[in-house]
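The values are calculated or read from the model by the stated rules, or taken from the named source; none is laboratory data. Everything numeric here is computed off the predicted structure, so don't read it as measured data. Positions of Cβ are generated from backbone atoms using ideal geometry, with glycine treated the same way; all protein chains shown enter the neighbour counts. Surface accessibility is based on the protein's heavy atoms, side chains included, excluding ligands, DNA and RNA. Shrake-Rupley method; radii C 1.70, N 1.55, O 1.52, S 1.80 Å.
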Amino acid sequence: VYDVAVFTLFLFQMVFMDTTATIPTGAMAERWKYSSFFIYGLAVGSIIYPIYGNWVWGGGWLATLGSNFGLGHGHLDYAGSSVVHLTGGVLAFVGAKMLGPRLGKFNKDGSANAIPGHNIPLGILGSFVLAFCWFAFNAGSSLAGGDLRIAVAAVNTMIASATGALAATLYMWLFKTKKPDPTMMCNGLLAGLVAITAPCAFVGVESAALIGLIAGILVIEVTFFVEGKLKIDDPVGAIAVHGANGAFGCLALGLFADGTYGDGLNGVAGNVNGLFYGDAGQFFAEFIGVATNLIYVGLIGWVVFKIIDKTVGNRVPADAELRGLDIPEMGVDGYSGIKMDKNIDTPLSR
């Protein structure tokens, strides 16, 4: 394995795995033990991500749905809508459900209380950093500098992020809160990026714009559903951004792939066509890949979190949660001189 191609692929996949592993931190924020995250991360890196990733990108059974069963080119995922984002979103769902909501998030009647973010401008800056890095995430997945399809992937990435942000902004402004919520604007931007990650090289710019628009609305509806109906506390909307739109991104490939790219992928001759361009088999291959992820990652993730819960525990004590996790979990103040103790003695319902 002392080979430059192996080293390149290893580093590339390590970073993708790291993205997958850190997605649940947003959904489980403010109450998750670092020791639990440490052990969970080892499980993701050694078991969960490599196995599903191999099924899709390593010539596994999902990749060969086309050559073995005639379903298009098999389950395709250009840059990780299912392998990275759906995997992380499913783990976020399982983990947040098992962990329970933050203290004070839900009232006894089931209604939710808003827990405002500490620093919205910093969150917006972080979203722009992610958007910038996504060009390496998507366009870099060509793994070949001579593949000029990299330009299509890059432009589609930009367009879907823009329409995702626009759709989320207008949807909140016109139909939800009557204000252009900047937090949902950011989540719409990220939702568009997640959704275009799988099909970015296979669709035209018009389809990329439509995918982003749908993603921007989908992320809002799923966010409200997860909190309002399922009573799962997801502080940053990771389940909606990565889980729902990771699934949608793969299905979008199966719908909108326009037959201009992909000849020979997964051992199947001819370019990739989605349902709207004449190949229903490609859509079914994408659907099977999404369903497999939900079942496999959901099941293994539940087992991992359950084992951790029975050994070191997943959740911090209530007093540590109320004071903040910096000192109890890490031993260092995140914000020296700023104390949050004034509400320590206030009874909060869970």
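Dividing the convex hull volume of the alpha carbon atoms of the stretch 203-294 by its residue count gives 103 Å³ per residue. Apolar share of the accessible surface for the chain: 69 percent from carbon plus sulfur atoms, 1.4 Å probe. Could you state the angle between the C-alpha long axis of helix 34-43 and the longest principal axis of the C-alpha atoms of the chain, as a value from 0 to 90 degrees rounded to the nearest 10? Approximately 20 degrees, to the nearest ten. Considering only alpha-carbon pairs that sit under 8 angstrom and 6 or more positions apart, the relative contact order computed for the stretch 129-279 is 22 percent.
Heavy atoms of the protein chains alone define the surface here; on that basis the stretch 95-137 has 61 Å² accessible area per residue at 1.4 Å probe size. The listed residues CYS133, CYS200, once ranked by accessible area (1.4 Å probe) with the largest placed first, stand as CYS133, CYS200. Here the contact order of the stretch 42-141, divided by its residue count and restricted to Cα pairs under 8 Å and six or more residues apart, works out to 17 percent. Around the Cα centre of the chain, unit charges on the Cβ atoms of Lys, Arg, Asp and Glu (plus for the first two, minus for the last two) sum to a dipole of about 940 debye. Taking Cβ atoms as reference points and 13 Å as the exclusive limit, the residues near MET172 contribute a net charge of +1, counting Lys and Arg as +1 and Asp and Glu as -1. Compared with the direct C-alpha span, the chain from GLU30 to PHE225 gains 68.1 nm at full extension, assuming 0.36 nm per residue.
Restricting the stretch 1-31 to chymotrypsin sites (Phe, Trp or Tyr not before Pro) that sit in a DSSP loop and have at most 13 other Cβ atoms within 10 Å of their own Cβ leaves TYR2. With the simple spin-label model, which puts each label point 7 Å out from Cα in the Cβ direction, the LYS176 to PHE10 separation comes to 4.3 nm. Here's the list of aspartates and glutamates a cross-link from LYS231 could span, going by alpha-carbon distance under 16 Å and ignoring same-chain residues fewer than 8 apart: ASP109, GLU221. Cross-link pairs exceeding 25 Å in C-alpha to C-alpha distance, out of LYS105/LYS176; LYS229/LYS310; LYS97/LYS178; LYS33/LYS179; LYS33/LYS306; LYS108/LYS310, comprise LYS229/LYS310; LYS97/LYS178; LYS33/LYS179; LYS108/LYS310. Helix 150-171 and the longest principal axis of the C-alpha atoms of the chain enclose an angle of approximately 40°.
Nearest 10 degrees, 0 to 90: what angle lies between the long axis of helix 205-228 and the longest principal axis of the chain (Cα atoms)? For helix 205-228, the angle is close to 30 degrees. Looking at the P(r) of the stretch 133-257, how many percent of alpha-carbon pairs lie beyond 23 Å? Result: 28 percent of Cα pairs exceed 23 Å. Pairwise Cα distances in the chain exceed 25 Å for 53 percent of all pairs.
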